[in-house]
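Only one structure is covered here, and it is reproduced in the block below.
The values are calculated or read from the model by the stated rules, or taken from the named source; none is laboratory data. Just so it is clear, the model here is predicted, and its values are computed rather than measured. With ideal geometry, Cβ positions are generated from the backbone for all residues, glycine too; neighbour counts draw on all protein chains shown.
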Amino acid sequence: MQYNNIDWFKSKHGHEVGGFWVPRVTAITDIINKPALLKYYAQQESFEAAQALLRNSANWGTKTHAAVEQLLKGEEIEPDAQIAPSIQAFHDWFSQYNVSILDPDQDIERMIFDPENYYSGRMDALVEINGELGILDIKTGTGIWEEYYLQTAAYLNAYNKTAPSQRIANKRWILRIEQYKECVSCGAKKRGKSGTDVIKGGNPYCTHQFSPEKGIFEFKDLEDNENDIKAFLNAQELWEWYNQDNLRKIKNYPKKLKYE
Ligand SMILES: [Zn+2]
């Protein structure tokens with residue numbers, strides 16, 4: 001499809017919900033600059049090589065993500081050897097925290113829609129941890145980035161607008177799981193998720209002695225919902241301004257554009 005084709009824009013940025021076309025949460029958060037990604041590209045041999053590695057890592061992430069969702073639904077799985085250490089890390093997290101899913105059919109991969117601000121998305125899971133209800137987002141990258149704060153705030157905000165009063169959520173959590181080999185003398189990490197070994201951190205002059213591959217989890221409780229929701233809605237406004245020419249061409253875009 002052509003770059004300037006409106007159908008291409010619509011499928012890349014959003015979807016139809018109840019007769020409207022609305023943007024996806026992740027299309028909106030993509031408006032944020034990602035300096036880590038720029039640095040990554042600069043370190044690769046070529047743009048194409050960088051993209052190929054990102055694609056492999058994304059496949060690895062998708063596989064891990066799918067396995068975790070099956071486990072959250074209570075299904076039994078036999079994880080692929082390639083992702084087994086990460087799945088072990090997931091089990092470690094699950095047994096360490098008091099996690100429960102009230103309605104696995106409804107609460108995993110749940111579609112959300114904000115009927116006031118007109119955006120939608122699919123959150124990973126609505127879970128209860130130590131008696132508190134919240135949004136759980138699963139990440140498989142090497143860090144917890146700023147856009148996750150906006151993404152989870154958007155989900156929480158939309159979810160609460162249509163949730164029954166006894167099931168209002170107050171928490172947002174990120175569970176990041178991944179795997180690597182670690183140098184026993186300098187702490188450098190070697191990752192093979194992209195199909196090519198990538199060594200980061202530690203001492204560049206070390207001759208490295210790597211441990212067997214191990215899975216780790218990082219679990220973060222995000223605070224300050226109000227601030228993050230405000231920032232997300234501002235990002236949405238910026239996204240709308242940036243894409244105003246395309247949005248004017250979409251007949252069932254429900255928001256009145258400020259820039260007409
Ligand atoms: Zn080392």
Flag for residue 220 being closer than 24 Å to residue 62 by Cβ, more than 16 Å from the ligand (Cβ to nearest atom) and in contact (Cβ under 8 Å) with a residue 12 or more places away in the chain: yes
Failed criterion for residue 57 (all others in (1) among the small types (Gly, Ala, Ser); (2) assigned to a helix (DSSP H, G or I); (3) within 28 Å of residue 162 (Cα to Cα); (4) touching a residue at least 12 places away in the same chain (Cβ under 8 Å) hold): (3)
Leading residue by the ranking (farthest from the ligand (Cβ to nearest atom)) among those in segment 196-217 that are among the hydroxyl-bearing types (Ser, Thr, Tyr) and more than 24 Å from the chain's Cα centre (by Cα): 211
In segment 175-195, the residues that are more than 9 Å from the ligand (Cβ to nearest atom) and in a loop (DSSP other than H, G, I, E, B): 192, 193, 194, 195
Residues within segment 133-152 that are surrounded by 18 or more Cβ atoms within 10 Å (Cβ to Cβ), of a type in the set (A, V, I, L, M) and in contact with a Lys or Arg (Cβ under 7 Å, 6 or more places away or on another chain), tallied: 2
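From the list 73, 34, exactly one residue is in contact with a Pro (Cβ under 9 Å, 6 or more places away or on another chain) and of a type in the set (D, E, K, R). Which is it?
Selected residue: 73, the only one of 73, 34 that is in contact with a Pro (Cβ under 9 Å, 6 or more places away or on another chain) and of a type in the set (D, E, K, R).
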Residue match in segment 32-48 (condition: β-branched (Val, Ile, Thr), outside any helix (DSSP H, G or I) and surrounded by fewer than 17 Cβ atoms within 10 Å (Cβ to Cβ)): yes
Subset of segment 83-106 (residues that are of a type in the set (S, T, N, Q), part of a helix (DSSP H, G or I) and exposed (fewer than 15 other Cβ atoms within 10 Å of the Cβ)): 95, 96, 106
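Looking at segment 12-31, which of its residues are assigned to a helix (DSSP H, G or I) and in contact with a strand residue (DSSP E or B) (Cβ under 7 Å, 6 or more places away or on another chain)? If you could, list the steps in order and put the result at the bottom.
In the first step, residues of segment 12-31 are kept if they are assigned to a helix (DSSP H, G or I); the result is 12-13, 25-29.
Matches in segment 12-31: 13, 25, 26, 27, 28.
Run down 12, 73, 39 and say which single residue is of a type in the set (Lys, Arg), farther than 30 Å from residue 234 by Cβ and modelled with pLDDT under 95.
On the way: 12 fails: farther than 30 Å from residue 234 by Cβ; 39 fails: farther than 30 Å from residue 234 by Cβ.
Matching residue, one of 12, 73, 39: 73.
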